[in-house]
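For reference, the structure is listed below as structure tokens.
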Amino acid sequence: TTEYGGHPVEFWAERCVDRIIHVSEDAPEQVQAQVKQFKDNIKKVIELYMQNAIKSDRITLNNKLQELGFGDVAEVIRKN
């Protein structure tokens, strides 16, 4: 569980990669190692794009709150 918030991007990226990429335990060690490296690389890419999506959404939310006259709330969201 998390305290005072949701799961971090890393948590969701890991779940995503685990659902997309899998290698059999019966696969040769060399194949397993290659798949693990590939999964690590893909996880980093997913994390980057998830962070960008979050930033983009926060900018949209911030702008909407500013537009509605909630500048103080928008400032809190912008800083977090």
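The values are calculated or read from the model by the stated rules, or taken from the named source; none is laboratory data. Bear in mind that the values here come from a model prediction, so they are computed numbers and not experimental data. Quick reminder, even Gly has a Cβ in these numbers, built from the backbone with ideal geometry, and neighbours come from all protein chains shown. Note: accessible area is taken over every heavy atom of the protein model, side chains too, but ligands, DNA and RNA are not part of it. Shrake-Rupley method; radii C 1.70, N 1.55, O 1.52, S 1.80 Å.
Residues Ala27, Ala53: which one is open to solvent by less than 70 Å² (accessible area, probe 1.4 Å), free of Cβ contacts under 8 Å to residues at least 60 places away in the same chain and part of a helix (DSSP H, G or I)?
Testing whether each residue is open to solvent by less than 70 Å² (accessible area, probe 1.4 Å), free of Cβ contacts under 8 Å to residues at least 60 places away in the same chain and part of a helix (DSSP H, G or I) leaves just Ala53.
Being open to solvent by 70 Å² or more (accessible area, probe 1.4 Å) and either outside any loop (DSSP other than H, G, I, E, B) or out of contact with any Cys (no Cβ under 6 Å at 6 or more places or on another chain) (or both) is a property that Val35 lacks.
Criterion first (modelled with pLDDT under 95, among the aromatic types (Phe, Trp, Tyr), open to solvent by 90 Å² or more (accessible area, probe 1.4 Å) and closer than 21 Å to Arg78 by Cα) does Tyr4 satisfy it? Considered against the rule, which asks whether it is modelled with pLDDT under 95, among the aromatic types (Phe, Trp, Tyr), open to solvent by 90 Å² or more (accessible area, probe 1.4 Å) and closer than 21 Å to Arg78 by Cα, Tyr4 comes out as yes. The set of residues from the stretch 3-17 being small (Gly, Ala, Ser) and farther than 19 Å from Asp40 by Cα comprises Gly5, Gly6.
Just one of (1) among the hydrophobic types (A, V, I, L, M, F, W, C); (2) at pLDDT 95 or above; (3) in contact with a Leu (Cβ under 7 Å, 6 or more places away or on another chain) fails for Met50. It is (3). Residue count for the stretch 12-24 satisfying the condition of being open to solvent by 100 Å² or more (accessible area, probe 1.4 Å) and touching a helix residue (DSSP H, G or I) at 6+ places or on another chain (Cβ under 7 Å): 1.
Going by the structure shown, is Val17 outside any loop (DSSP other than H, G, I, E, B) and β-branched (Val, Ile, Thr)? So Val17 fits the description; yes.
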